[in-house]
Amino acid sequence: MRVLNWKDHNAWVTLATNDSYSLGALVLAHSLKTVKTVHKLAILITPGVTAPMKQQIEAVFDEVKVVDVLDSRDQTHLALMCRPELGVTFTKLHCWTFTNYDKCVFLDADTLTLANVGALETFCIWGRSKEFEVLQNCDELFEREELSAAPDPGWPDCFNSGVFVYKPSQDTFGQLLEFARTRGSFDGGDQGLLNMFFKEWSNTDISKHLSFTYNVVWSSTYSYLPALKQFGQNMKIVHFIASSKPWLQSFNTETRLVTSTHGGSGLQELLQLWWDLFCHHVHPGLSTEMIESRLS
Ligand code: UDP
Ligand code: MN
């Protein structure tokens, strides 16, 4: 019988339903390894992920669970947000089925823990020193209780569902599915559903409000630059929401620099960090065919 180490009891969990998001998940996993997390890495994938990509994922994650796509099929609400593809994010609910762990932190595949990478000697963002970055890991999140999350900058009475602490439970999973079936989601995606289900988050227990530094949502429409200057160095997890997906930006293979089409203060540096991790850890394992079809 294998004796479980306490560290085996917690896991970071992410989701990828196709090869593009898998690239995000791989970079995320490497960012967690770079900051030397002591926790396991687990991922939900669906049959939309190709076999060669699944192999790459299996080499990095401790546990890979293949699940079926859960789709909200709620085109009316999704159309309001101009994001018809988000129905598929209901698949995220499967994360509650990782009952072999005591506690988990879910991270969207378009998030990144800030770490320094060897290849990036000169990386310096808002005065963050290299030493400081190496120490930066977010393992303390596992001390929080379900459901802990950071406010969504678009409507801060709601939490952003790109980063949240939860307790796996078949019972909760069943309740969430039933809730999804009977009540749906006010935005058609997982964030609307989870905010309805965990509605006490907004006004009951402040300890369940994570600092924004754990889910710095990069918005192209609103930013608070003085706060970014003041607190940017505390940033722990960055979240490339909406169209700022790193793998959709153009990358110059000669200069090894990314050129963002969306701009926004600081975004360029963070996209560059994503690409440095990608080039260093993920790209070497991919075939030319996989790269051409997934990054374009
Ligand atoms: N996702 C996925 N395939 C998709 C869309 C989303 O695997 O086609 C997963 C992925 O983990 C992603 C998360 O669902 O990070 C939430 O979607 P997204 O990050 O695109 O939403 P946003 O954060 O931009 O609102
Ligand atoms: Mn996201």
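Laboratory data are not the source of any read-out in this text; all were calculated from the coordinates shown. Keep in mind the model is a prediction, meaning the values are calculated, not measured. For neighbour counting, all protein chains shown are included, and Cβ atoms are generated from backbone atoms with ideal geometry for every residue, glycine included.
With a Förster radius of 41 Å applied to the beta-carbon distance between GLN170 and HIS283, the computed FRET efficiency rounds to 0.60. Placing R0 at 25 angstrom, the Cβ-Cβ distance between ALA227 and ILE206 gives a FRET efficiency of 0.80 after rounding to 0.05. Modelled label positions at THR50 and LYS199, each set 7 Å beyond Cα in the direction of Cβ, lie 4.5 nm from each other. Using a/c under 1.5 as the rounded threshold, could you call region 173-257 rounded, prolate or oblate? The axes a ≥ b ≥ c are square roots of the C-alpha gyration tensor eigenvalues, and prolate needs a/b larger than b/c, oblate otherwise. Oblate, because a/c is 1.5 or more while a/b does not exceed b/c. Cross-link partners for LYS33 among the lysines, with Cα-Cα distance under 19 Å and sequence neighbours closer than 8 places in the same chain left out: LYS7, LYS54, LYS103, LYS130, LYS236. Each residue of region 190-199 is assigned a 3J(HN,Hα), and the resulting list reads 5, 5, x, 4, 5, 5, 6, 5, 9, 5 Hz, derived from the Karplus form 6.51 cos²θ - 1.76 cosθ + 1.60 (θ = phi - 60°), x at Gly and Pro. Label positions at THR76 and ARG183, each projected 7 Å from the Cα along the C-beta direction, are separated by 1.8 nm. Other residues whose C-beta falls under 15 angstrom from the C-beta of LYS208 contribute a net charge of -4, scoring Lys and Arg +1 and Asp and Glu -1. Taking amide H positions as modeled 1.01 Å from N, with prolines and chain starts lacking one, the residues under 5 Å from ALA109 and 5 or more places away or on another chain are LEU15. Note on LYS229: no lysines have a C-alpha under 17 Å away, same-chain residues under 8 apart excluded. The value of relative contact order for region 134-284, using C-alpha pairs under 8 Å at least six residues apart, is 19 percent. Computed over region 177-261, relative contact order equals 18 percent, with contacts defined as Cα pairs under 8 Å that lie 6+ residues apart.
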